[in-house]
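Reviewing the structure listed below.
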Amino acid sequence: MEKCKRCGENRVGLERYCANCGWDVTKNKTNLVGRWLSGGGCLLALSPIAIAILTTPIGGNMFSTGGDGGGTALFLLIFTLPLGAVASILGLILWLSNRTK
Ligand SMILES: [Zn+2]
């Protein structure tokens, strides 16, 4: 049994709307997934940049791959950027389509 996210009323079956307040529970859920997906996609896409900054010693070159920088992490962008972009776009579509419906 699930609880309504808006009013906390227990939901008896698989009905779409909360019997107590009329909140569209399914809409809320997809909306949330979309938001997480878009946020996670952005984080995934940009994570190598954070890794590069964090692994570069002070005074080192972030773009250097010669051992004194975190440049090797930037190569991960080749994989994470498209994946993250696709995830965040999918998430945005989910989010926005459920908002305007
Ligand atoms: Zn409710």
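The values are calculated or read from the model by the stated rules, or taken from the named source; none is laboratory data. Keep in mind that what you see is a predicted model, and the values were worked out from it rather than measured. Counting neighbours? That spans all protein chains shown, and the Cβs are built from the backbone with ideal geometry, glycine included.
Okay, here's what the table says:
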read-out: Top-ranked residue of the stretch 66-79 - restricted to ones that are closer than 17 Å to LEU54 by Cα and assigned to a helix (DSSP H, G or I), ranked as modelled with the lowest pLDDT; value: GLY71
read-out: Hits in the stretch 18-42 - residues which are within 8 Å of the ligand (Cβ to nearest atom) and surrounded by fewer than 15 Cβ atoms within 10 Å (Cβ to Cβ); value: ALA19, ASN20, CYS21, GLY22
read-out: Matching residues in the stretch 3-17 - criterion: being more than 7 Å from the ligand (Cβ to nearest atom) and either modelled with pLDDT under 75 or within 19 Å of ASN98 (Cα to Cα) (or both); value: LYS5, ARG11, VAL12, GLY13, LEU14, GLU15, ARG16, TYR17
read-out: Subset of the stretch 18-43 [touching a helix residue (DSSP H, G or I) at 6+ places or on another chain (Cβ under 7 Å) and modelled with pLDDT under 80]; value: LYS27, THR30, ASN31
read-out: Inter-residue pairs, beta-carbon under 7 Å, first more than 21 Å from CYS7 (Cβ to Cβ) and in the stretch 28-48, second assigned to a helix (DSSP H, G or I) and of a type in the set (Val, Ile, Thr), 6+ apart; value: LEU44/THR80; ALA45/THR80; SER47/THR80; PRO48/THR80
